[in-house]
1. Here are some conditions: (1) of a type outside the set (Asp, Glu); (2) within 24 Å of the chain's Cα centre (by Cα); (3) within 17 Å of residue 211 (Cβ to Cβ); (4) at pLDDT below 75. Residue 159 meets all but one. Which one does it not meet?
2. Please find, within the stretch 1-20, the residue that is nearest to residue 112 (Cα to Cα) out of those that are modelled with pLDDT under 95 and touching a Pro at 6+ places or on another chain (Cβ under 8 Å).
3. Would you point out the residue of the stretch 41-83, among those that are of a type in the set (Val, Ile, Thr) and in contact with a helix residue (DSSP H, G or I) (Cβ under 6 Å, 6 or more places away or on another chain), that is farthest from residue 112 (Cα to Cα)?
4. Just give me the residues in the stretch 43-56 being loosely packed, with under 15 Cβ neighbours inside 10 Å and in contact with a strand residue (DSSP E or B) (Cβ under 9 Å, 6 or more places away or on another chain), in sequence order.
5. Please state which one of 57, 13 is of a type in the set (Gly, Ala, Ser), within 20 Å of the chain's Cα centre (by Cα) and either assigned to a helix (DSSP H, G or I) or within 14 Å of residue 98 (Cβ to Cβ) (or both).
6. Here is a list: 31, 19. Which entry is touching a strand residue (DSSP E or B) at 6+ places or on another chain (Cβ under 6 Å), assigned to a strand (DSSP E or B) and surrounded by 15 or more Cβ atoms within 10 Å (Cβ to Cβ)?
7. Would you mind finding the one in 23, 55, 46 that is over 18 Å from residue 126 (Cα atoms), among the charged types (D, E, K, R) and either touching a Ser or Thr at 6+ places or on another chain (Cβ under 9 Å) or at pLDDT below 95 (or both)?
8. Hey, can you tell me all the residues within the stretch 82-91 that are of a type outside the set (D, E, K, R) and within 15 Å of residue 220 (Cβ to Cβ)?
Amino acid sequence: MATQVALVEDDTGMRERIARVVDADPSLTLAYSASNALDILAWLVDNPVDVLLVDLGLPDHPGLQVISQCRHMQPACAVMVLSIFGDEANMVQAFEAGASGYLLKDGTEADLATHIRHLRAGGSPMSPVIARQLLRRWQTRAGTPPEPVAARPSSAAAYGASTASERLSPREFEVLDLVSRGFTYVEVGVQMGVSASTVQTHIRNIYGKLDVHNKSEAVFEARNLGWLP
């Protein structure tokens, strides 16, 4: 029997992309998708599902509330977060509320069906940034020296003192700053007076210099280094 999946995501485009991924996998069935917390919680009262995918930034109530109430209503349902928020506070609160997996939205779609199957089988799929934070948190609590991290400049001015191999160009730094504030590549290009393809080239260079694979990881690492507020 196919795994029954429900989804709550307020971004229409993202919701449709996730729905297409689920529908394309014969082992999965998208039973319901909602754009807000009230709709998904009302639906869950009478409709058991195997997996619930939850966006944390919902327009009416926090996604954390959806996770907690879903776990109360349907203890057998496995919950996985799909979010742009990769900070430790959101990650910890999501797991404490009852989530069993946590994926950052960038780069998740290609392997999303696989992650859902792993979640259903008892696994805990996590983006690398999230897994690394959990590891560091565990190491700190266990008294084990955490994995070494790069020195963190305290400001954008300090950023200029980083080594040549790590330094972003002024244009790359501008792109990263705009992306971190939620602008699309097209919007970044308009503000900078360049094409979207040029922005994408800057993004690829940033990924290489920060040794990351998507926007969320890039923003997270830049904030860790003190390059972004």
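The values are calculated or read from the model by the stated rules, or taken from the named source; none is laboratory data. All figures in this text were calculated on a predicted structure; none of them were measured in a lab. Using ideal geometry, Cβ is built from the backbone for each residue, glycine included, and neighbour counts are taken over all protein chains shown.
1. All conditions are met except number (2).
2. Looking at residues that are modelled with pLDDT under 95 and touching a Pro at 6+ places or on another chain (Cβ under 8 Å), I get 2.
3. Here the answer is 66.
4. Those that are loosely packed, with under 15 Cβ neighbours inside 10 Å and in contact with a strand residue (DSSP E or B) (Cβ under 9 Å, 6 or more places away or on another chain): 47, 48.
5. Details: 57 fails: either assigned to a helix (DSSP H, G or I) or within 14 Å of residue 98 (Cβ to Cβ) (or both).
Sole residue among the options that is of a type in the set (Gly, Ala, Ser), within 20 Å of the chain's Cα centre (by Cα) and either assigned to a helix (DSSP H, G or I) or within 14 Å of residue 98 (Cβ to Cβ) (or both): 13.
6. On the way: 19 fails: assigned to a strand (DSSP E or B).
Exactly one residue qualifies, and that residue is 31.
7. 23
8. Let us first name the residues in the stretch 82-91 that are of a type outside the set (D, E, K, R), namely 82-86, 89-91.
Matches in the stretch 82-91: 83, 84, 85, 86, 89, 90, 91.
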